[in-house]
Structures are given as structure tokens and as C-alpha cells.
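Working notes for the structure below.
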Amino acid sequence: MEIGRISDLSGSFEAFPSVTGKVLFGGKNLMFFLVEIKGAGTVPEHSHPHEQMGICLSGRAEFRAGDQTAIVEAGSAYWLRPNERHAVRVMGEESAMFLDVFSPPREDYMRRAKG
């Protein structure tokens, strides 16, 4: 068994401008990734071959996937299919925090977290 603390910020890296990420756990089949987006920050439109699910821990953001747009706030969960193009924009000046789960793990993020 392994136990991790969100407050342990070692291994954090800039995923995009104004977006900090930290791999909490990376196993054989899935990965927990903590994401903080600064107020008014964005994750530009992108896609990846990984399935992605997550939950908003704090803040408020607009998620866009294809022609769909939704407001996500603390307690909201989301699910993005493999290769689904998506983007995120934080609403307001308050930062937003998300816990993303990727399957399979994102090897690019695992490498960046190790420095």
C-alpha cells in the first residue's frame, strides 16, 4: 500500500502556462494527476490517446469538448474519451483544482514529474 498527500508538492511541473500538475500515483494501468489552474488560466485545446476522468476539487471552470460546453465546479465530475479534443478555462480570478485520472498512465507526465 502507498499513501500520498496532496500537500506534498514535490514533483510538480508546469503542464501549460498557468497550469501546474503533479503525479500523485502512477501505476501500471492508471494515474492520479493533481492539476491547479491559476485564475483566468486555460488549458489549450488538445487530445491524447488516454481515457480521462476527474473531479473538480475547488474553483469553477468552463470545459469544452467538441461542440459541447459545460460549467464544472467543486464536486462536479467529468469523463473524456480517448482522443476527444478538449479545453478548460477557469472562470474568474480564483484558481481551480482538479484530480484527473488517466488510463493508461500518461508516460509524458510521469517523465516530467521525475525531473
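The condition of being surrounded by 11 or more Cβ atoms within 10 Å (Cβ to Cβ), modelled with pLDDT under 95 and among the charged types (D, E, K, R) holds for only one of 106, 81, 112, that being 112.
Applying the selection to segment 32-60, what residues are closer than 22 Å to residue 75 by Cβ and in contact with a His (Cβ under 9 Å, 6 or more places away or on another chain)? Listed by number, the residues that qualify are 43, 52. A Cβ distance below 8 Å, combined with a sequence gap of six or more or placement on separate chains, defines the contacts here; from segment 32-47, residues that are within 11 Å of residue 87 (Cβ to Cβ) reach residues that are exposed (fewer than 13 other Cβ atoms within 10 Å of the Cβ) in the pairs 45/85; 46/85; 47/83; 47/85. In the set 100, 108, 67, only one residue is under 19 Å from residue 22 (Cα atoms), more than 13 Å from the chain's Cα centre (by Cα) and among the charged types (D, E, K, R); that residue is 108.
Per-residue answers, yes or no, for (1) surrounded by fewer than 15 Cβ atoms within 10 Å (Cβ to Cβ); (2) at pLDDT below 95; (3) touching a Leu at 6+ places or on another chain (Cβ under 8 Å):
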| residue | (1), (2), (3) |
| --- | --- |
| 35 | no, no, yes |
| 42 | no, no, no |
| 62 | yes, no, no |
| 65 | no, no, yes |
| 74 | yes, no, yes |
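Is it fair to say residue 36 is part of a strand (DSSP E or B) and not aliphatic (A, V, I, L, M)? Judged against the criteria, residue 36 is a match. Restricting 3, 55 to those that are surrounded by fewer than 13 Cβ atoms within 10 Å (Cβ to Cβ) and either modelled with pLDDT of 95 or more or part of a loop (DSSP other than H, G, I, E, B) (or both) reduces the list to 3.
The values are calculated or read from the model by the stated rules, or taken from the named source; none is laboratory data. Just so it is clear, the model here is predicted, and its values are computed rather than measured. Using ideal geometry, Cβ is built from the backbone for each residue, glycine included, and neighbour counts are taken over all protein chains shown.
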